[in-house]
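Here is the structure we will look at.
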């Protein structure tokens, strides 16, 4: 078993209401040299919180988080940093529409499989 950390990617369409929809998961394992993310934005759930939400723009912002994990070139300057620093940058507190929840830790045999499991359990 190897240690890993994860954070749920969430969408907070109206910051003043503090309501959110889980939209993805980011998984990091230093020991496995792994950083991955999966995104699934449920447009109907998002519109239930904010009927005027720009779903396409929000989806693009959430997918940028995932791209930062897997595509160093798409990540801009942060893409040149080690994956541990990238994970910390992605999970730093923000007061934007797309943000991450708290970081949690666990043990797994396969970080990529853990990403799929967490996406199914926490987002889908």
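The values are calculated or read from the model by the stated rules, or taken from the named source; none is laboratory data. The model shown is predicted, which means the values in this text are computed figures rather than measured ones. Every residue, glycine as well, gets a Cβ built from its backbone with ideal geometry; the counts of neighbours run over all protein chains shown.
In table form, for the structure just shown:
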| read-out | value |
| --- | --- |
| Hey, residue 13 on the phi < 0 side of the Ramachandran plot, outside any helix (DSSP H, G or I), in contact with a helix residue (DSSP H, G or I) (Cβ under 6 Å, 6 or more places away or on another chain) and touching a residue at least 12 places away in the same chain (Cβ under 8 Å) or not | yes |
| Selected residue (criterion: surrounded by the fewest Cβ atoms within 10 Å (Cβ to Cβ)) from residues of segment 92-107 that are touching a strand residue (DSSP E or B) at 6+ places or on another chain (Cβ under 8 Å), in contact (Cβ under 8 Å) with a residue 40 or more places away in the chain and not in a strand (DSSP E or B) | 102 |
| Single match in 119, 41 (criterion: modelled with pLDDT of 95 or more, more than 28 Å from residue 3 (Cβ to Cβ) and surrounded by 18 or more Cβ atoms within 10 Å (Cβ to Cβ)) | 41 |
| Residue that is farthest from residue 4 (Cα to Cα), among those in segment 80-91 that are assigned to a helix (DSSP H, G or I) and out of contact with any helix residue (DSSP H, G or I) (no Cβ under 7 Å at 6 or more places or on another chain) | 80 |
| The listed residue being surrounded by fewer than 19 Cβ atoms within 10 Å (Cβ to Cβ) and in a strand (DSSP E or B), out of 3, 77 | 3 |
| Criterion: in contact (Cβ under 8 Å) with a residue 24 or more places away in the chain, surrounded by 18 or more Cβ atoms within 10 Å (Cβ to Cβ) and in contact with a helix residue (DSSP H, G or I) (Cβ under 8 Å, 6 or more places away or on another chain) - qualifying residue of 66, 23 | 23 |
| Segment 7-29: number of residues that are over 15 Å from residue 70 (Cα atoms) and in contact with a strand residue (DSSP E or B) (Cβ under 9 Å, 6 or more places away or on another chain) | 11 |
